[in-house]
Amino acid sequence: MSVLPRLKRRPEFLRVAATRRKWVAPGLIVQVRKRHVEEASTKDARVGFTVSRKVGNSVKRNRARRRLKAAADIMMTRHAQEGMDFVIIGRKNTLK
């Protein structure tokens, strides 16, 4: 099982959010964007993670982020479409 490349810079996250394509669940929000061919450094899907302070202190936020990363590494390495960017946003229910 390989790990997906990560989104790390703020402009990358903002480009994904600007598409306004998202799926909302009690434990997380997934935002999606299809990359253009000229900006693709890799054909693989890329994923970024964020958890706001609304979720809790830094210990809780980091726990939520680790859970999201583990779930994404299991599921998205198999099922994510090539050339897509995903931002996974943790919510309070991520901790449950």
Q. Rounded to the nearest 500, what is the chain's calculated 222 nm mean residue ellipticity when only DSSP H runs of at least 4 contribute -39500 (n - 2.57) each, over all residues?
A. -10500 deg cm²/dmol
Q.
Please list, ordered by chain and number, the residues whose modelled amide H lies under 5 Å from the amide H of residue 83; skip anything fewer than 5 residues away on the same chain.
A. 44, 45
Q. For the chain, how big is the tail of P(r) above 19 Å, as a whole percent of Cα pairs?
A. 39
Q.
Please give me, ordered by residue number, the trypsin sites (Lys or Arg not before Pro) of the range 1-78 that lie in loop per DSSP and have at most 16 other Cβ atoms within 10 Å.
A. 8, 9, 20, 21, 43
Q: Using only Cα atoms, tell me the angle between helix 58-79 and the longest principal axis of the chain; keep it within 0 to 90° and round to the nearest 10.
A: 40
**Q.** Calculated from backbone phi, Karplus (6.51, -1.76, 1.60) coupling profile of the range 89-96 in Hz, x at Gly/Pro
**A.** 10, x, 10, 4, 6, 4, 6, 8
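Under unit Cβ charges (Lys, Arg +1; Asp, Glu -1), what dipole magnitude, rounded to 20 debye, does the chain have relative to its Cα centre?
Values: 26 positive and 7 negative charges, 140 e Å.
Here the chain has a charge dipole of around 680 debye.
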Q | Partners for residue 54 among lysines (Cα-Cα distance below 26 Å; same-chain residues under 8 apart left out) | A | 8, 22, 69, 92, 96
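Taking the solvent-accessible surface of protein heavy atoms with a 1.4 Å probe, what is the per residue accessible area of the chain in Å²?
The answer is 68 Å² per residue.
For the chain, give the share of DSSP beta bridges that are antiparallel, in percent and rounded to the nearest 5; count only bridges with both residues there. Walk me through the intermediate numbers first.
Values: 10 of 17 bridges.
About 60 percent, rounded to the nearest 5.
The values are calculated or read from the model by the stated rules, or taken from the named source; none is laboratory data. What you see is a predicted model, and the numbers here were worked out from it, not measured in a lab. When we count neighbours, we look across all protein chains shown, and the Cβ atoms used for this are built from the backbone with ideal geometry, even at glycine. In case anyone asks, the SASA skips ligands and DNA or RNA and just uses the protein heavy atoms, side chains included. Shrake-Rupley method; radii C 1.70, N 1.55, O 1.52, S 1.80 Å.
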